[in-house]
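Read through the structure below, which is laid out as structure tokens, and then see the notes.
The values are calculated or read from the model by the stated rules, or taken from the named source; none is laboratory data. Quick caveat: nothing in here was measured; it's all calculated off a predicted structure. Reconstructed Cβ throughout: ideal geometry from the backbone, glycine too, with neighbour counts over all protein chains shown.
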Protein chains: 4
Amino acid sequence: MASQKAWAVVAGVGPGTGACVARRFAKTYAVALLARKPANFEPIVEEINAAGGKAIGISTDCSEGKSVKNAFEQLKKEMGGASLAAAIYNVGGRFVRKPFLELTEEEFESGWETNGRGAFHFSQAVLPLLLDKLNADPEYPPTLIFTSATAAMKGSALCASFAAGKFAMRAVAQSLAREFGPKGIHVTHAIIDGVIDIERTKDWKFDHPDAKIKPEAIADSYWYLHTQPRTCFTNEIDIRPYIEKW
Amino acid sequence: MASQKAWAVVAGVGPGTGACVARRFAKTYAVALLARKPANFEPIVEEINAAGGKAIGISTDCSEGKSVKNAFEQLKKEMGGASLAAAIYNVGGRFVRKPFLELTEEEFESGWETNGRGAFHFSQAVLPLLLDKLNADPEYPPTLIFTSATAAMKGSALCASFAAGKFAMRAVAQSLAREFGPKGIHVTHAIIDGVIDIERTKDWKFDHPDAKIKPEAIADSYWYLHTQPRTCFTNEIDIRPYIEKW
Amino acid sequence: MASQKAWAVVAGVGPGTGACVARRFAKTYAVALLARKPANFEPIVEEINAAGGKAIGISTDCSEGKSVKNAFEQLKKEMGGASLAAAIYNVGGRFVRKPFLELTEEEFESGWETNGRGAFHFSQAVLPLLLDKLNADPEYPPTLIFTSATAAMKGSALCASFAAGKFAMRAVAQSLAREFGPKGIHVTHAIIDGVIDIERTKDWKFDHPDAKIKPEAIADSYWYLHTQPRTCFTNEIDIRPYIEKW
Amino acid sequence: MASQKAWAVVAGVGPGTGACVARRFAKTYAVALLARKPANFEPIVEEINAAGGKAIGISTDCSEGKSVKNAFEQLKKEMGGASLAAAIYNVGGRFVRKPFLELTEEEFESGWETNGRGAFHFSQAVLPLLLDKLNADPEYPPTLIFTSATAAMKGSALCASFAAGKFAMRAVAQSLAREFGPKGIHVTHAIIDGVIDIERTKDWKFDHPDAKIKPEAIADSYWYLHTQPRTCFTNEIDIRPYIEKW
């Protein structure tokens, strides 16, 4: 029905990129925000609804298949017959930085749980909905974006866990782009290379102004990617502040 | 003066990407179009001026320093005191595909002339103007974009000349991004991976619709890159049709 | 004691690369062969011992920390006071190729279990021994080699599980090379790109002779890597038959 | 004739890598050393001949087609009916490091002249001889190795000229590997990442011993590459001291 908004789903919503992406996509779509802790999505859900948009939050642990399944059952009820236009996987997870020989198995696995297994469960849940969307003559190609990092390109010392996870995420994103791109789904691996400008990093000082990435600018980039027509897909993008060394 | 439009310059203007980029940037800026043959820029210059925009064409061979120097002397006169907001290097050059042992030196060098030497002369001409632009409190970061190709990432058999040129172009783009990015200039290497949908390729048939890249969509991507704030620069982007193998 | 041979350990020993690597390193070292099924290492253990070398086999599941721990306790007893000169992680694991939406969690995880978690446990077990080796004034730098694949570089359609695992393995190898290289340990990620010439592939026909990789040649390459002095470490190597497309 | 030695040719012979490669290959082959200045090859030619090997030097500027043509006419006379087993392109050329806007065209072009044009002329001269070698049932696959650098992988600030040249060299090496590999020629791009330990660098101090690459070790690696059978070609190799950051 024309009166029903399509939806976007954002997994991993805290005070930074996730919230800004939710706000940006909420200008056009109803948005579902997934995070483990309701405290992470509640303020932004309220803000969007208060501003006349439509948002819901669902407590979800993407690294657990059952939790993701439950979340999408709930989401589908909320959606009614509406379609899913975009899905952003932005779950941050732990960042463990320590000497390799001091890593516990649990610490090492944490990079995979978020960036590998979590990306798997989320992708398996959203791709059937994005494929359905193709039948609805969408304005923009259904879109799946993964928030990644420089660690997807380079395995630095002391970062084996995080790098293994982000490398794996890039592999999954490439594999999905090659399988689902020809069907019309736009899959992008977004390499965010720099410090995000949020409350937690406000005391991190740099010699230059604008040294941190504004999450609003990331959200704009994600929206732009979503609007690219299928004759012109970008499957990998890097985003960094002008002063970042790379 | 506020009443004076800033300029964009596009080198390499034929019926495809260059013309669309010129049209897109002409919505905001006066545009200067460089090509060796006036026949290549005249129709689009007329079209833009007829539509109420401002465009000029200058016959230029970017692989020759003297020709580039003359072109920019002429351009600066046209610009008066106005500033340069964006520069796009889109010169296509020859594409030589033949067994390596049959290549003449001239054929082998052709990839370099366009993608290496030409990129050098163009960059040396525009970067001082883009740096000046920083003093004018620009709405968007001054931008330099290089149109590249998959051949910048992979040296295929029979393509040594073109690949050598595009690899070199990528090196130049990276080096400039790292030198001029911290000053506030946005430099991007754009990997165009697919057949462009233009008159010359209209009989190239594919099994799927939308199998060729719409040059308008490339132009939109270039414009989007130009609008990214300096907290969020993209230094490399790939653009391909959804059905492209990669 | 000079009379005691140093050891090499090879995890993942079947009829192909693992067996050949074991034979090659057994020319200089005592070798410990790890595989889940004793049937996989028994023939080569017997062969090496019969030929005057020294080999033992230990049933090990590298994806389980406890199994690896038990294996290395047993190995250290066998080694007595001898040192570990080289460690090769060659565990193949499952190769799942199917549409992404048909993958079970277990199937998706299988790539990680072998190439991520298994590489982690093996590395944590061997690195302390390789570091000890540095005190023994070794003839060659202590060496850790990971057998990887083209899937570490490119995530192909239908191969999300395997690619995620191999990308992760590359991340781990890079991170270890950057942490332990400066201490004197030689870590290499070896990209094996082609079909291995073993019993299982003998009916795979190609238009050219020598179209499959001889595992003996891989073993020679690994031995060569081991002999590189610390002024000249190779941290990534690709190995493919001359006719392989890449 | 069995009594006639096969040849190897090394372009770019100074006191470092080139001399060591010449010495190493002279253990098996007669060697021809190319350099612009005879003073660069004379000592090593004398040394090899005095030690019972066979060496000649030919003054050659590889960036000029005519010079390369003359050199190989002379070389073929010297070779008589003997064959060419290996060719190493090791020409260093200038390394210009300066702000991009201060580069002259001549300075910018210097990276290309050595690494692009020079590699082209050398390759066109040696490949027909290496193809001939295939008919002589060679012990090792005929081999063409390019000495490259980290600048082939990353365009650093202030290094546009050198990076453009080395990127182009990598493109040429890949293109040749893909065209001539399937014919049986082994082509390798060797990324030398670090300071070479020669007279000129003897006062460059590092905190660690063995911080510079021993050129003898590079030569050993090149020899190893030459001995790889065609079932097991390495087309790209990185070589760096254990303490190098990468």
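Tell me whether the stretch A:122-143 contains one or more residues that are farther than 26 Å from A:ILE239 by Cα, surrounded by fewer than 19 Cβ atoms within 10 Å (Cβ to Cβ) and of a type in the set (Ser, Thr, Tyr). Can you show your working first?
Taking the stretch A:122-143 as the starting set, the residues that turn out to be farther than 26 Å from A:ILE239 by Cα are A:124-125, A:128-129, A:131-138.
Keeping just the survivors that are surrounded by fewer than 19 Cβ atoms within 10 Å (Cβ to Cβ) gives A:128, A:131-132, A:134-138.
Next cut, of a type in the set (Ser, Thr, Tyr) only: none.
Checked against the condition, which is being farther than 26 Å from A:ILE239 by Cα, surrounded by fewer than 19 Cβ atoms within 10 Å (Cβ to Cβ) and of a type in the set (Ser, Thr, Tyr), the stretch A:122-143 yields no hits at all.
Within the stretch A:16-37, being among the polar types (S, T, N, Q) and either over 23 Å from A:GLY118 (Cα atoms) or surrounded by fewer than 24 Cβ atoms within 10 Å (Cβ to Cβ) (or both) holds for one residue alone: A:THR28. Summed over the stretch C:192-209, the residues that are buried (at least 17 other Cβ atoms within 10 Å of the Cβ) and either more than 10 Å from chain D (Cβ to nearest Cβ) or over 15 Å from D:THR234 (Cβ atoms) (or both) give a count of 3.
Based on what the data block shows, is C:ALA50 at pLDDT 95 or above, in contact with a helix residue (DSSP H, G or I) (Cβ under 6 Å, 6 or more places away or on another chain) and not acidic (Asp, Glu)? So that I can check it myself, show each step before the final result.
On the way: at pLDDT 95 or above: yes; in contact with a helix residue (DSSP H, G or I) (Cβ under 6 Å, 6 or more places away or on another chain): no; not acidic (Asp, Glu): yes.
Criteria not met by C:ALA50.
Please go through the stretch B:230-246 and pick out each residue that is more than 7 Å from every other protein chain (Cβ to nearest Cβ) and either within 18 Å of B:PHE146 (Cα to Cα) or touching a residue at least 24 places away in the same chain (Cβ under 8 Å) (or both).
Residues of the stretch B:230-246 more than 7 Å from every other protein chain (Cβ to nearest Cβ): B:244-246.
Matches in the stretch B:230-246: B:GLU244, B:TRP246.
The residues of the stretch C:196-210 that are without any contact (Cβ under 8 Å) to a residue 40 or more places away in the chain and of a type in the set (Val, Ile, Thr) amount to a single one, C:THR201.
Taken over the stretch B:166-191, the criterion of being within 13 Å of chain D (Cβ to nearest Cβ), outside any loop (DSSP other than H, G, I, E, B) and of a type in the set (A, V, I, L, M, F, W, C) is satisfied by B:PHE167, B:ALA168, B:MET169, B:ALA171, B:VAL172, B:ALA173, B:LEU176, B:ALA177, B:PHE180, B:VAL187. For the stretch B:195-227, a residue qualifies if it is of a type in the set (Phe, Trp, Tyr) and part of a helix (DSSP H, G or I), and the qualifying residues are B:TYR222, B:TRP223, B:TYR224. Looking at (1) over 16 Å from the mean Cα position of the chain (by Cα); (2) in a loop (DSSP other than H, G, I, E, B); (3) within 24 Å of A:PRO142 (Cβ to Cβ), which is the only condition A:CYS62 fails? Only one criterion is unmet by A:CYS62, namely (1).
Checked against (1) farther than 16 Å from B:ALA171 by Cβ; (2) touching a residue at least 24 places away in the same chain (Cβ under 8 Å); (3) touching a Ser or Thr at 6+ places or on another chain (Cβ under 8 Å); (4) of a type outside the set (Gly, Ala, Ser), D:ARG178 passes all but a single condition, namely (2).
Out of the stretch D:14-58, which residues are in a loop (DSSP other than H, G, I, E, B) and at negative phi? Answer for the stretch D:14-58, where residues must be in a loop (DSSP other than H, G, I, E, B) and at negative phi: D:GLY14, D:PRO15, D:GLY16, D:LYS27, D:THR28, D:TYR29, D:ARG36, D:LYS37, D:ALA51, D:GLY53, D:LYS54. Of all residues in the stretch C:34-55, those satisfying the criterion of being under 21 Å from C:GLU199 (Cβ atoms) and not hydrophobic (A, V, I, L, M, F, W, C) are C:ARG36, C:LYS37, C:PRO38, C:ASN40, C:GLU42, C:PRO43, C:GLU46, C:GLU47. Screening B:PHE146 with (1) crowded, with 24+ Cβ neighbours inside 10 Å; (2) among the hydrophobic types (A, V, I, L, M, F, W, C); (3) farther than 24 Å from B:ILE239 by Cβ gives one miss only, at (3). Of the residues making up the stretch B:211-229, those that are farther than 26 Å from D:ALA157 by Cβ, facing chain A (nearest Cβ under 7 Å) and either without any contact (Cβ under 8 Å) to a residue 12 or more places away in the chain or out of contact with any helix residue (DSSP H, G or I) (no Cβ under 7 Å at 6 or more places or on another chain) (or both) are B:ILE213, B:LYS214, B:ALA217. Annotation: of all residues in the stretch D:89-113 being buried (at least 19 other Cβ atoms within 10 Å of the Cβ) and closer than 30 Å to D:LYS5 by Cα, the one that is farthest from the chain's Cα centre (by Cα) is D:VAL91. Can you name the residue in the stretch A:154-165 that is assigned to a loop (DSSP other than H, G, I, E, B) and touching a residue at least 24 places away in the same chain (Cβ under 8 Å) and is also farthest from C:ALA164 (Cα to Cα) among such residues? Restricting to residues being assigned to a loop (DSSP other than H, G, I, E, B) and touching a residue at least 24 places away in the same chain (Cβ under 8 Å), the top hit is A:LEU158. Of all residues in the stretch A:159-191, those that are crowded, with 24+ Cβ neighbours inside 10 Å and touching a Pro at 6+ places or on another chain (Cβ under 8 Å) total 2.
From B:ALA86, B:ALA151, which residue is under 18 Å from the mean Cα position of the chain (by Cα) and free of Cβ contacts under 8 Å to residues at least 40 places away in the same chain?
On the way: B:ALA86 fails: free of Cβ contacts under 8 Å to residues at least 40 places away in the same chain.
Just a single option satisfies the conditions, and that option is B:ALA151.
Considering (1) assigned to a loop (DSSP other than H, G, I, E, B); (2) modelled with pLDDT of 95 or more; (3) of a type in the set (Gly, Ala, Ser), the lone condition that C:GLY116 does not fulfil carries the number (1).
Check the stretch C:119-141 and report whether any residue there is touching an Asp or Glu at 6+ places or on another chain (Cβ under 8 Å), in a helix (DSSP H, G or I), within 8 Å of chain A (Cβ to nearest Cβ) and in contact (Cβ under 8 Å) with a residue 24 or more places away in the chain. Please lay out each step first, then the result.
Applying the first criterion (touching an Asp or Glu at 6+ places or on another chain (Cβ under 8 Å)) to the stretch C:119-141 yields C:120-121.
Then drop every residue that is not in a helix (DSSP H, G or I), which leaves C:120-121.
From what is left, the residues that are within 8 Å of chain A (Cβ to nearest Cβ) are C:120-121.
Next, from what is left, pick out any that are in contact (Cβ under 8 Å) with a residue 24 or more places away in the chain: C:120-121.
Yes, that holds for at least one residue.
Just one of (1) hydrophobic (A, V, I, L, M, F, W, C); (2) closer than 27 Å to C:GLN174 by Cβ; (3) more than 9 Å from every other protein chain (Cβ to nearest Cβ) fails for A:ALA163. It is (3).
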